[in-house]
Amino acid sequence: MRLKFLFNLLFLSVYLFGIPGISQNNHEGPNLKYIDSANNIIDKNPNKAALFLDSIALPLNQNIKGHLACYYELKVLINDKNNETVKRYQNSILALKYAELEKNYDVAGWASLELFYNSYIVKKDTSAYKYLAKAEKFYKLANNEPGIVEVTQMKALEALGEKKYTQSNAILLNNLERYKSIKDDAYYHMYALFLLTTNYLDLNNLNAAHKHFKSLKALKDNPTIQPNLHKRHLATAYGSLGEFHFSKKAIDSTLFYLSKSDEVRDGMNDNDKRNYYNLYIDYYDYKGDFKAKNSYVDSLRILENEVLKKTMNASLLIGDSLMQAETELGKERKWKNINKLWIIVLIIVVLVVLFFYIIKHKRALKMEDSYAKNKDEFSYLKSNHEKLKLKVHGLEEYISDVKKEIKTISSIDGGQNQQYKVKELFKNLHVNAPLLLDKNEDHLKLVNELNIEFFTKIKKNYPQLVDSEIIICYYLFVGFKSKEIAVFLKSTTRAVEGKRYRISKKMNLQETEYTLVDFLQNEFKNI
């Protein structure tokens, strides 16, 4: 759990400090001045900075030509401060795209690091390595020493993520003096100390961890580090130290670091808060104080509902860029049919998101019955939340493809050629509309993922079943035949029948008069 919080902290700190990509030039013209105004105020008032950017006249590619990379970089920073994960990812892609076109290598390197984070941490995709290589290439082209330094820290983070703590430490220690030498930006030194603290805790070397953490705390009053950023690193480190001591059953030390976490609670991000609540839950469970424990269980549930709500709200805004692109194309070619189809697609997205929210809300109410049931269902809800974020990312990629196709159509000479391409695009949108959330999944599977009661009960009562067997049980329970299940699982009927036999054997149904289907219908009839 500590590692997940660490990655999220790095993700935030990449944006908040040490970012050399934003242009400091005094742009001329009313639209470009909005970019400068947003840049000057973004740290103190991100919402006002957003208003400046929204004041730029459309179309952007004409009114701020040559500065789109800086525009989208500022968008990402505002999204980060407002915890808008989906929009932040989308704008990072656009920042990299325009930075490459404009040869703004500072922004290109920064955006590549952002996409490395999303691909490596969120999607677990091997394409992350190409983004890290791109970041290093762009920073070298820009002769950006801090950016190159940050790439080495990303490599150390990558090693930490693969639990190669000694290798991660070697990278950091070999470059520690290099980080420390950047006097005008002590963030790099601070972050290296933070990673070293985490690595040594995972290596069970508390003395070395304390040594580097003490140096990290000493940077508190460094004028080149934002106080909130330093406090955020402290919050995560205190949580890690508390978890370490609890794992050793050093209860007094655990309570000490929980009290230190209380002091920096206003610096915590969502993952730090989640870590903080869970540690208190474990602490009071150990102490046998179930009243206090349930209080933190409730706080944790409230936090997760807030995080889920923010994700839902962000997904509702995904259509903004799509509608903007449609407006520009409509002025040029008046493609009303495309406009109608986009509206239909957006309505589908809104309805699906609302459906997910209603289902999850009902599940949350049922979780109040008992703490044991709460904890099981809560874990399952978090898993679905992560999957929902990936589905939203899939939608963004699809929308991006549609926008590219539309721009290509608008540049074609000749009415007949354009009409043919529009019909082809319309057919493609119509065919793919039901699958926008994820091209590799259907809606039935989404419903299966949200049937918390069934999956919780069968996992509890029959722990000997593996996940693939549980999924087959669920399909049989809702009335599907082996042949139909094989289609959903991209398998063969024979393979499904084989698994049905093994399931019956694991449930000891050979000694009863029940078939597997009858048994499932009877066992789970009240769900």
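We did not get these values from a lab; they are worked out from the coordinates using the rules stated. These numbers come from a predicted model, not from an experiment. We place every Cβ from the backbone using ideal geometry, glycine too, and count neighbours over all the protein chains shown.
Structure data summary
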item	result
Calculated FRET efficiency for the pair Lys309/Asn522, C-beta based, R₀ 41 Å, to 0.05	0.60
Highest-first arrangement of 289-300, 165-176, where packing means the average Cβ count within 10 Å	165-176, 289-300
Using a Förster distance of 56 Å, the FRET efficiency for Asn63-His210 (Cβ separation, nearest 0.05)	0.55
Charge tally in the Cβ shell below 15 Å around Lys287, where Lys, Arg are +1 and Asp, Glu are -1, Lys287 excluded	-1
Full-extension gain in nm, Ala170 to Leu141, via 0.36 nm per residue minus C-alpha separation	7.8 nm
Label point distance in nm, Asn83-Ser504, each placed 7 Å from Cα along Cα→Cβ	5.1 nm
Estimated vicinal HN-Hα couplings, Hz - region 294-301 in sequence order (Karplus 6.51, -1.76, 1.60; Gly, Pro = x)	5, 4, 6, 4, 5, 5, 5, 5
For Val478, distant residues with modelled amide H under 5 Å away	none
Cβ-based net charge around Ala49, under 15 Å, with every Lys or Arg adding one and every Asp or Glu removing one	+1
Burial ranking of peptide ranges 349-355, 268-274 (average Cβ count within 10 Å, highest at the top)	268-274, 349-355
Prolate/oblate/rounded call for region 482-527, Cα gyration tensor, a/c under 1.5 rounded	oblate
HN-Hα J in Hz across region 38-46 - Karplus 6.51, -1.76, 1.60, θ = phi - 60°, x for Gly and Pro	5, 5, 6, 10, 4, 5, 7, 8, x
Gyration tensor (alpha-carbon) shape descriptor, region 161-288, a/c threshold 1.5	oblate
Gained length - Ile41 relative to Ile343, 0.36 nm times residue gap less alpha-carbon distance	105.2 nm
Packing-based exposure ordering (other Cβ within 10 Å, fewest first) of Arg500, Arg494, Arg232	Arg494, Arg500, Arg232
Cα gyration tensor category, rounded, prolate or oblate, for region 118-208 with a/c compared to 1.5	oblate
Simple spin-label estimate for Leu365 and Ala292 in nanometres, 7 Å along Cα-Cβ	3.3 nm
Relative contact order, percent, region 161-288 [alpha-carbon distance under 8 Å, six or more residues apart]	18 percent
Note, ³J(HN,Hα) from phi for region 65-70, Karplus 6.51, -1.76, 1.60, rounded to Hz, x at Gly and Pro	4, x, 10, 5, 4, 5
